[in-house]
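Reading through the structure tokens given below for one structure.
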Amino acid sequence: MTIDAGDRNILLVAFSILLITIILSVIVSPAEDDSSAYPSPYSTASGGAKAAYTLLSQIGYSVEHWRSAPARLQEHGIKTVLIVAVPTQNATPEDVESIRRYVQNGGRLLAIGPTSFPLLPHSQFAGGMPHFQWQSFSSLLPNGITRGAPEIMMAPRIYWRRDDSDSQIDYGDSSRGVVVSYRYGKGQIVWWAAADPLTNSGITQAANLQLLLNSVGPTSERTVLWDDYFHEGEVTIAESLLKSPLKWGMAQLGILALAVVFTYSRRHGPLRSLQQPSRLATLEFVETLGGLYQRAGATELPIQVAYERFRHQLHRKLGISMSATSRDIAERLETRTGETAAQIESMLTECESARYTEEIPTDDSLRLVNFLNLLAEKLSLNSKDQGAK
């Protein structure tokens, strides 16, 4: 069977369009966002956790993505560990009860981050200065969690009370804990203040990898259930197929079909990539964290958080030293913001004093935080691509 010249030209044009479309889709595809709200086991960004998920599979653990409601945990038996890393969706009372019953019967729970507190049968929140850079924490007790891991690195935003007698403070400082463990029924609960030790960038720091292995437990006959339920909700079979590599094969077939239709019909129009669903945290994440600070009555913490972040942004984008005085900063910012140096210095001094003051009036706390946000906006410190002009 021979193909005439006209048909050959049509096929050549169709495959040329397909090839060009594939190349363009690779070039213009958006880079993965490094500021994900939680360490996704699918993400290869520095804040993702794909390296940890893959490593556990390679060293002998049976690792699964857990997308079902917690009520089905009982079907997997007690030789399992559930990893819930910085949940971004609120748990229902039924979810909380199912997780606690699972641990009581012999399961193990690794809960990570401030939003995992509602899942715990026992928790002791402690206010404190959050860290935006990794800090070193030494082991405080020789036990199974700290075995072979004398020091870990993380940047905690929340802490556990050191004087809690119902749990073991495995890592922390003189007054607060960042890694805690305790028995509950026949099972065990391990809590981390932050997810840094299992992220792609943090797993290689200090003894973070050993902490992960100790928290998960021995490999023998143990299944690791990596939670997706508290980030995406319960996923159907159709949704699983859409998130699998099969969708890319279907996309290529669709592109080929569109190319053929375009060639034969001589229609012209733009090809648009499907918009990927946002993986940012829901508003519940902010509400949960705010509720913790509200119950603790720590009105000084919002000032400390905003001021620490403001100083960090000044250093990163304007080159102002972290050790600079309020007067030095005020003189540098006077010409950029339109505020007087005296006013800036006065407000920054109040923010500094908030570190050593308890029970600051709510109105004063709001006034100082708003002022820092106003300065950051005038200096374009919140811009991701460029510093202040």
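Among the chymotrypsin sites (Phe, Trp or Tyr not before Pro) in the stretch 127-161, those placed in a DSSP loop whose Cβ has at most 15 other Cβ atoms within 10 Å are Phe132.
Neighbour counts of other Cβ atoms within 10 Å put His122, His231, His76 in the fewest-to-most order His122, His76, His231.
Computed over the stretch 50-232, the Cα gyration tensor eigenvalues convert (square root of 5λ each) into semi-axes of 23, 19, 16 Å, ordered from largest to smallest.
Computed over every Cα-Cα pair of the stretch 299-378 and binned at 10 Å starting from 0, the pair-distance distribution P(r) comes out as 19, 57, 23, 1 percent.
With 0.36 nm allotted per residue and the present C-alpha distance subtracted, the Arg327-Asp163 stretch has 55.1 nm of extension available. The largest-to-smallest principal axis extents of the Cα set in the stretch 112-188 are 36, 29, 20 Å. Computed from Cα atoms alone, the Kirkwood hydrodynamic radius reported for the stretch 151-198 is 11.2 Å. Restricting attention to the stretch 50-232, close to 50% of DSSP beta bridges with both partner residues there are antiparallel. In this structure, Gln343 and His131 have a Cβ-Cβ separation that, at R0 = 41 Å, corresponds to a calculated FRET efficiency of about 0.90.
Loop-located GluC sites (Glu not before Pro) across the stretch 298-383 with a Cβ neighbour count of 12 or fewer within 10 Å are Glu358, Glu359, with loop assigned by DSSP.
Every number in this text was worked out from the coordinates using simple rules, so none of it is lab data. Remember, it's a predicted structure, so these values are computed and weren't measured experimentally. Counting neighbours? That spans all protein chains shown, and the Cβs are built from the backbone with ideal geometry, glycine included.
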